[in-house]
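The values are calculated or read from the model by the stated rules, or taken from the named source; none is laboratory data. Keep in mind that this is a model prediction, so the values were computed, not measured. A quick note on method: Cβ atoms are made from the backbone with ideal geometry, for glycine too, and the neighbour counts reach across all protein chains shown. Accessible surface is based on the protein model in full, side chains and every heavy atom, while ligands, DNA and RNA are left aside. Shrake-Rupley method; radii C 1.70, N 1.55, O 1.52, S 1.80 Å.
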Amino acid sequence: MVEIGKLNNLIALKKVEFGVYFDGEEHGEILLPKKYVPKDLHTDDVIEVFIYRDSENRLIATTEKPMAVVGEFAFLKVVSVTKFGAFLDWGLPKNLMVPYREQKKTLEEERSYVVYIYLDEKSQRITASTKLDQFLDLNPIKFEEGDEVDLLIYEKTNIGYKAIIEGTHSGILYDNEVFQKLEIGQQVKGYVKKIREDNKIDLRLQKSGYQNVDEAIGQLLAKLKEQDGFIPVNDKSPPEVISEIFGISKKTFKKSIGALYKKRLIIMDDEGIKLI
């Protein structure tokens, strides 16, 4: 089945002066314009192409790949705003439109936003939306507590950051458990901390317990080696300074340097930590 707005493996049917036609199955023949045709492409060859509609609403193929496809979330930049909506750069010559009805708040030129890309059922055009909640799965049955997951930060709230989990669900990272700088649109690794009775998901950026300490120990040693064996912080340094340098809590930092000290890998004094 050929899917509009996605990458498809299609069979080359015939070559013409202006390109190659592919078998689009229920959509009929689909043209790959000449400028995208590989030199070694022959009839009956199968290649991967992206299918979308051109400015005249015709289905067209390209070997160029967009930054995201239908069914995915992405952080994209607004390149223009018109009476029809905002247009995003998504890596193809034809920009991606966010109609005004799909804007949670009015989008501004030159700013970037997290959007969801979908195929509009009525027009069959590829469209984007910043009204993300309607595209998120509310049933977190695929995750378990402790799972490592890919996160896309999409909103700042008064209690922390909302993140899209594995492109399907939403979760929350609480401010008091975030020890690194986060930006909207940033992609980070995280962990499922808790799945609550109301099906909402709490997240964390660090592993729990001893796993987190073990990871922090490796990070501390690497940082010490980078800094020629000395860092001007110790167990009396403010939590903000520790968070800024290492991206971990002071509690984890103290456990980590305690473990390194017991192994006689570091010495500490009022000036900082020194690698032995």
Which ones in region 1-29 are more than 18 Å from residue 123 (Cα to Cα), within 31 Å of the chain's Cα centre (by Cα) and open to solvent by 60 Å² or more (accessible area, probe 1.4 Å)?
-> 1, 7, 9
Considering region 249-276, residues that are open to solvent by less than 30 Å² (accessible area, probe 1.4 Å) and part of a strand (DSSP E or B), and then whichever is modelled with the highest pLDDT, we arrive at 273
Could you please let me know if residue 168 is surrounded by 14 or more Cβ atoms within 10 Å (Cβ to Cβ) and touching a residue at least 40 places away in the same chain (Cβ under 8 Å)?
-> no
How many residues are without any contact (Cβ under 8 Å) to a residue 12 or more places away in the chain and of a type in the set (Gly, Ala, Ser) if we restrict to region 16-27?
-> 0
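Whether any residue in region 235-248 is open to solvent by 40 Å² or more (accessible area, probe 1.4 Å), among the acidic types (Asp, Glu), on the phi < 0 side of the Ramachandran plot and part of a helix (DSSP H, G or I) is what I want to check. Before the answer, list the steps.
To start, the set of residues in region 235-248 that are open to solvent by 40 Å² or more (accessible area, probe 1.4 Å) comprises 235-236, 238-241, 244-245.
Next, only the ones that are among the acidic types (Asp, Glu) stay: 235, 240, 244.
Imposing the further condition that a residue be on the phi < 0 side of the Ramachandran plot reduces the set to 235, 240, 244.
Checking the rest, the ones that are also part of a helix (DSSP H, G or I) come to 240, 244.
Yes: one or more hits.
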Check whether at least one residue in region 50-61 is in a loop (DSSP other than H, G, I, E, B), more than 17 Å from residue 93 (Cα to Cα), open to solvent by 60 Å² or more (accessible area, probe 1.4 Å) and of a type outside the set (Ser, Thr, Tyr), and report yes or no.
-> no
Name the pairs: first residue in region 30-45 and under 21 Å from residue 93 (Cβ atoms) and open to solvent by 50 Å² or more (accessible area, probe 1.4 Å), second residue in a loop (DSSP other than H, G, I, E, B) and of a type outside the set (A, V, I, L, M, F, W, C), Cβ to Cβ under 8 Å, at least 6 apart or on different chains?
-> 34/17
Of those in region 182-228 that are part of a loop (DSSP other than H, G, I, E, B) and either in contact with an Asp or Glu (Cβ under 8 Å, 6 or more places away or on another chain) or surrounded by 19 or more Cβ atoms within 10 Å (Cβ to Cβ) (or both), the residue modelled with the lowest pLDDT is 207
Could you check region 83-158 for strands (runs of 3 or more DSSP E) lying wholly inside it with 3 or more residues that are surrounded by 15 or more Cβ atoms within 10 Å (Cβ to Cβ) and either touching a residue at least 40 places away in the same chain (Cβ under 8 Å) or β-branched (Val, Ile, Thr) (or both)?
-> 112-119, 126-129, 148-156
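Looking at region 65-82, which of the residues that are open to solvent by 40 Å² or more (accessible area, probe 1.4 Å) and not aliphatic (A, V, I, L, M) is farthest from residue 9 (Cα to Cα)? Write out each step before concluding.
To start, the set of residues in region 65-82 that are open to solvent by 40 Å² or more (accessible area, probe 1.4 Å) comprises 65, 67, 72, 75, 77, 79, 81-82.
Narrowing the set further to residues that are not aliphatic (A, V, I, L, M) leaves 65, 72, 75, 77, 82.
Values: 65: 13, 72: 19, 75: 26, 77: 29, 82: 35 Å.
Among residues in region 65-82 that are open to solvent by 40 Å² or more (accessible area, probe 1.4 Å) and not aliphatic (A, V, I, L, M), the one farthest from residue 9 (Cα to Cα) is 82.
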Which of the residues belonging to region 64-80 are more than 13 Å from residue 5 (Cα to Cα) and without any contact (Cβ under 8 Å) to a residue 60 or more places away in the chain?
-> 74, 76, 77, 78, 79, 80
